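Enquirer: Below are the structure tokens for one structure; questions will follow.
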Amino acid sequence: MLKKNAQPLSEALSDFFDENSTLKMKMAEHRVLRGWREVLGEGVSKYTREVYLNRNVLYVHLSSAVLRAELLMNKDGLIKKLNDHAEMPIVRDIVFR
């Protein structure tokens, strides 16, 4: 028996997240943190000690000064890739330490 308000689960979840913007933002932040390892790969992950997000700034602790310099030169591209991965403009700056 079909109900009048029946809709696919994907639409229901999409509506739920659209109504709860803070939850949607937290999910996007989690995708950015997960995306650091997925987008940049295993090679960069070996030298990454800590990654966290604070007030739309991504802080990345690296153990290699050479990698830090290389990533610093490509910072704008990294921000774009991570925001694309999160499907929202979450990261506005990256600080490498």
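Quick note: the coordinates plus some simple rules give every number you see, no bench work behind them. Worth saying up front: this structure is predicted, and the values here are computed from it rather than measured. Cβ: placed from backbone, ideal geometry, glycine included. Neighbour counts: every protein chain shown.
Enquirer: Work out the FRET efficiency for Ser45 and Phe17 from their Cβ-Cβ distance, taking R0 = 25 Å, and round it to the nearest 0.05.
Expert: The calculated FRET efficiency here is 0.30.
Enquirer: Starting from the Cα gyration tensor of the range 12-96, multiply each eigenvalue by 5, take the square root, and state the resulting semi-axes largest first in whole Å.
Expert: 26, 12, 11
Enquirer: Mind checking which of Asn83, Asn20, Leu40 is farthest towards the positive end of the range 12-96's charge dipole, using Cβ charges of +1 (Lys, Arg) and -1 (Asp, Glu) about the Cα centre?
Expert: Leu40
Enquirer: For the range 12-96, give the share of DSSP beta bridges that are antiparallel, in percent and rounded to the nearest 5; count only bridges with both residues there.
Expert: On the way: 6 of 10 bridges.
The answer is about 60 percent antiparallel.
Enquirer: Can I ask one more? Which whole-number percentage describes the relative contact order of the chain, with Cα contacts under 8 Å and a sequence gap of 6 or more?
Expert: The normalised contact order for the chain reaches 29 percent.
Enquirer: Calculate the dipole size of the range 12-96 relative to its Cα centre from +1 charges on Lys and Arg beta carbons and -1 charges on Asp and Glu beta carbons; express the result in debye to the nearest 20. Provide the component values of the computation, followed by the final result.
Expert: Details: 13 positive and 12 negative charges, 72 e Å.
Rounded to the nearest 20 debye, it is 340 debye.
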